[in-house]
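Coordinate-derived values only; no laboratory data. Because the structure is a prediction, the values reported are computed rather than measured. All Cβ positions, glycine included, derive from the backbone under ideal geometry; neighbour counts span all protein chains shown.
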Amino acid sequence: MDLGISGKRAVVAGASSGLGLACARALAAEGVQVAIGSRSAEKLAAAADSIDGDVVALVGDVSTPEGATAWAEAAATALGGVDILVANAGGPPPGTFASTPVDAYAGALDLNLLSTVAMCKALVPPMQAAGWGRVVAITSVSVRQPIGSLILSNTARAGVTGFLKTLALEVAKDGVTVNSALPGTHDTDRIKSLYGGDASGAGRDIPVGFIGDPADFGATVAFLCSEHARFITGHALPIDGGAVRALL
């Protein structure tokens with residue numbers, strides 16, 4: 001299927017590995033010019049080499065609003081404009097209500113809420129002016145079903161979901177769609193590390209019987225960025241093999 005986005009320009013944050021890199025690869029495969037970001041120049045260079053297509057690698061730290069704004073603006077300059085934003089950042093440290101001090105919440109909100117707000121503030125207005133744009137944020141299934149011992153992530157990602165839904169309502173008339181992709185367990189380095197290098201056992205409790213392939217996740221995000229998805233906005237899509245039991 002031709003997604004109708006060849007020649008578009010995309011920025012993908014947190015794209016040196018895992019799901020962010022999978023999204024960058026999927027977009028590049030559709031003929032999209034992609035700018036990828038990471039804090040590690042070494043990892044970013046290796047990621048860029050693994051992408052078959054037109055890619056620009058820009059080192060940057062999106063864990064704060066200031067850093068996210070600077071990186072997004074640099075990416076827009078490098079590409080000559082941005083049509084697609086894939087907002088992504090790592091998760092904050094684990095913890096429970098009892099173990100997590102109040103002052104730990106600010107950093108989590110910067111990382112998983114305000115960084116996305118900042119990137120949208122930098123990149124969405126030009127999309128509105130152009131009459132076309134796509135925003136997809138990578139969040140977590142925890143916004144549907146909170147994950148134990150991840151109170152910081154649960155809190156911040158729920159907040160960014162509210163922001164994205166509100167933004168979607170405001171910019172829909174301008175041809176800009178705003179959605180979020182909610183990953184469940186996928187075969188990434190982080191998951192492998194939790195399972196001693198082999199994450200296949202993590203699929204036992206997933207209804208489909210296996211863990212997710214990052215390439216499939218990236219393809220789904222690319223579809224949300226496509227012309228075919230122009231009537232999909234304000235949606236938070238679980239990509240989890242049926243793991244979330246919530247009705248809505």
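Between helix 18-29 and the chain, what is the angle of the helix's C-alpha long axis to the longest principal axis, kept within 0 to 90° and rounded to the nearest 10? The two axes meet at around 30 degrees.
Using Cα pairs closer than 8 Å and at least 6 residues apart in sequence, work out the relative contact order for region 102-248, in percent. Could you put the intermediate results ahead of the total?
On the way: 205 pairs, mean separation 41.4, N = 147.
Relative contact order, region 102-248: 28 percent.
Footprinting exposure proxy ranking of MET127, MET119, MET1, fewest other C-beta atoms within 10 angstrom first, gives MET1, MET127, MET119.
When the alpha carbon gyration tensor of region 1-66 is reduced to an equivalent ellipsoid, the three semi-axes, largest first, read 21, 12, 9 Å.
Say each of GLN128 and LYS43 gets a label point 7 Å from the Cα, pointing the same way as Cα to Cβ; how far apart are those two points in nm? Label at GLN128, label at LYS43, 3.4 nm between them. Radius of gyration over Kirkwood radius for the chain, both on Cα atoms: the Rg/Rh ratio is 0.94.
Centre-to-centre separation between the Cα atoms of region 117-144 and those of region 179-248: 19 Å. Electrostatic bookkeeping for LEU19 treats Lys and Arg as +1 and Asp and Glu as -1; over the other residues with beta carbon under 13 Å from its beta carbon, the sum is -3. Charged side chains reduced to their Cβ positions (Lys and Arg at +1, Asp and Glu at -1) give the chain a dipole of some 520 debye around its Cα centre.
Each pair of Cα atoms in region 122-248 enters the Kirkwood radius, and Stokes-Einstein at 10 °C and 1.306 mPa s then converts it into a translational diffusion coefficient of 101 µm²/s. By the count of other C-beta atoms within 10 Å, a proxy for reagent exposure, HIS186, HIS228, HIS235 are ordered fewest to most as HIS228, HIS235, HIS186. For the chain, the longest piece that avoids every one of the chymotrypsin sites (Phe, Trp or Tyr not before Pro) found in DSSP loops with at most 15 other C-beta atoms within 10 Å covers 98-194. Residues of region 134-157 with backbone nitrogen within less than 16 Å of a virtual label 7 Å along the Cα-to-Cβ line of ARG245, please, listed as ranges. The answer is 142, 144-148, whose backbone nitrogens lie closer than 16 Å to the label point.
Computed over the chain, relative contact order equals 20 percent, with contacts defined as Cα pairs under 8 Å that lie 6+ residues apart.
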